[in-house]
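Take a look at the structure below.
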Number of protein chains: 2
Amino acid sequence: MDEFDRKILLCLQENAADSLEAIAARVGLSTSPCWRRIQKMEAQGVIQRRVALLDPDRMRVGVTVFVSVRTNRHNADWAERFCAAVVAIPEVVEFYRMSGEIDYLLRIVVPDIAAYDRVYKRLIQSVELYDVSSAFAMERIKYTTALPVTYAE
Amino acid sequence: MDEFDRKILLCLQENAADSLEAIAARVGLSTSPCWRRIQKMEAQGVIQRRVALLDPDRMRVGVTVFVSVRTNRHNADWAERFCAAVVAIPEVVEFYRMSGEIDYLLRIVVPDIAAYDRVYKRLIQSVELYDVSSAFAMERIKYTTALPVTYAE
DNA sequence: CGTGAAAACGTTATCTC
DNA sequence: GAGATAACGTTTTCACG
């Protein structure tokens with residue numbers, strides 16, 4: 001991956017609605033090679049897909065909660081049921097298995113604390129959990145879907 | 001916002017590359033009213049923008065680290081300098097001011113632990129921090145940019 | 001890689017019912 | 001809201017330098 005590809009990815013990560021012509025102009029290529037590069041990166045799976053980003057406040061999910069989960073049930077069957085239950089909750093937008101003290105970390109978006117409580121109850125009744133702790137975000141200072149392009153080979 | 005709008009948003013959050021015709025067919029409208037609804041939601045700012053999502057592994061940023069920051073400097077000047085420094089780091093993809101024990105939470109993406117250490121050093125030399133603790137994600141079980149549409153009015 | 005051009009396709013806008 | 005249509009722009013493919 002060369003400088004041109006990296007520039008194309010920077011553009012597409014910022015704004016995927018731009019025309020091919022506009023992208024080509026910005027990266028310093030003509031449309032044909034620019035188009036060929038985008039096709040190649042889509043075929044390779046570097047570019048996974050294009051999505052629309054919505055305004056959380058206007059969608060009434062302005063409250064972000066990070067939920068740390070600890071378990072005492074370290075077996076595959078439990079993990080499978082827990083993961084399936086969490087993935088099915090639409091308010092859970094991120095879900096990681098962690099190293100260290102905390103076993104799982106969830107990011108949840110809801111309109112208010114009452115709505116969070118309903119999600120929390122759904123969570124704890126899905127499977128047995130050892131410890132669940134919630135931390136509320138007061139302010140979203142940075143949120144980007146754009147990955148750094150500097151490490152790509 | 002009615003059921004049609006919500007269905008349109010579900011589609012666009014999944015795949016913004018689909019043609020208007022395909023979206024209209026899926027939500028059960030003809031192209032004209034579907035197009036008008038999308039235009040309206042873009043004008044209102046409900047739909048913020050369209051972006052390309054890249055594969056983290058192929059971009060060599062497969063390692064996700066959550067960094068919890070505590071400070072003893074609770075003044076506006078410090079906060080401004082800290083936020084400006086963090087926002088400028090491309091590896092930081094999410095950055096929240098939190099309630100409770102932790103003052104700030106960052107999500108950082110890097111290729112490996114050595115690269116994380118370089119970001120960590122950049123972070124701690126930017127401003128004085130009371131406590132910084134890192135938690136590594138072992139597995140990304142769910143990650144979506146799609147907000148739940150059920151709360152929108 | 002670049003240019004240029006043609007065909008195919010999708011979008012936008014308008015109008016009628 | 002549906003459906004039709006026309007103008008317009010973009011995407012895609014191609015041949016050639």
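Filtered by the rule that a residue be touching a residue at least 24 places away in the same chain (Cβ under 8 Å) and closer than 18 Å to A:Thr71 by Cα, region A:99-118 gives A:Glu101, A:Ile102, A:Asp103, A:Tyr104, A:Leu105, A:Leu106, A:Arg107.
Going through (1) away from DNA strand C (no atom under 16 Å from the Cβ); (2) free of Cβ contacts under 8 Å to residues at least 60 places away in the same chain one by one, B:Thr64 falls short only on (2).
Listed here are the residues, each with its yes/no results for (1) facing another protein chain (nearest Cβ under 7 Å); (2) more than 23 Å from A:Ile89 (Cα to Cα); (3) modelled with pLDDT under 95; (4) open to solvent by less than 10 Å² (accessible area, probe 1.4 Å).
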{"residue": "B:Leu106", "(1), (2), (3), (4)": "no, yes, no, yes"}
{"residue": "B:Val109", "(1), (2), (3), (4)": "yes, yes, no, yes"}
{"residue": "B:Ile113", "(1), (2), (3), (4)": "no, yes, no, no"}
{"residue": "B:Val132", "(1), (2), (3), (4)": "no, yes, no, no"}
{"residue": "B:Arg140", "(1), (2), (3), (4)": "yes, no, no, no"}
{"residue": "B:Leu147", "(1), (2), (3), (4)": "yes, no, no, no"}
{"residue": "B:Tyr151", "(1), (2), (3), (4)": "yes, no, no, no"}
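Cβ-Cβ contacts under 8 Å between residues 6 or more apart (or on different chains), taken from a first residue in region B:20-42 that is without any contact (Cβ under 8 Å) to a residue 60 or more places away in the chain and near DNA strand C (Cβ under 9 Å from one of its atoms) to a second residue that is of a type in the set (S, T, N, Q) and part of a loop (DSSP other than H, G, I, E, B), are listed as B:Ala24/B:Ser30.
Would it be correct to say that B:Ala17 is closer than 22 Å to A:Gln48 by Cα and near DNA strand D (Cβ under 10 Å from one of its atoms)? Criteria met by B:Ala17.
The helices (runs of 4 or more DSSP H) found wholly in region A:7-97 and carrying at least 2 residues that are open to solvent by less than 50 Å² (accessible area, probe 1.4 Å) and closer than 20 Å to B:Ala16 by Cα occupy A:20-27, A:31-44.
If I filter region B:51-71 for residues that are among the polar types (S, T, N, Q), away from DNA strand D (no atom under 15 Å from the Cβ) and more than 7 Å from every other protein chain (Cβ to nearest Cβ), do I get at least one hit? Scanning region B:51-71, I find at least one residue that is among the polar types (S, T, N, Q), away from DNA strand D (no atom under 15 Å from the Cβ) and more than 7 Å from every other protein chain (Cβ to nearest Cβ), so the answer is yes. For B:Gln44, the criteria (1) within 13 Å of chain A (Cβ to nearest Cβ); (2) more than 16 Å from DNA strand D (Cβ to nearest atom) hold in every case but one, which is (2).
So that you can scan it fast, the table gives a plain yes or no per residue for (1) within 26 Å of B:Thr144 (Cβ to Cβ); (2) touching a Leu at 6+ places or on another chain (Cβ under 7 Å):
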residue	(1), (2)
B:Asn75	no, no
B:Pro90	yes, no
B:Ile102	yes, no
B:Leu106	yes, no
B:Val109	yes, yes
B:Tyr116	yes, no
B:Tyr120	no, no
B:Glu128	no, no
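Within region A:131-153, the only residue that satisfies the criterion of being among the charged types (D, E, K, R) and closer than 15 Å to B:Gly100 by Cα is A:Glu139.
The values are calculated or read from the model by the stated rules, or taken from the named source; none is laboratory data. Because the structure is a prediction, the values reported are computed rather than measured. Cβ: placed from backbone, ideal geometry, glycine included. Neighbour counts: every protein chain shown. The area values use the complete protein model at the heavy-atom level, side chains included, leaving out ligands, DNA and RNA. Shrake-Rupley method; radii C 1.70, N 1.55, O 1.52, S 1.80 Å.
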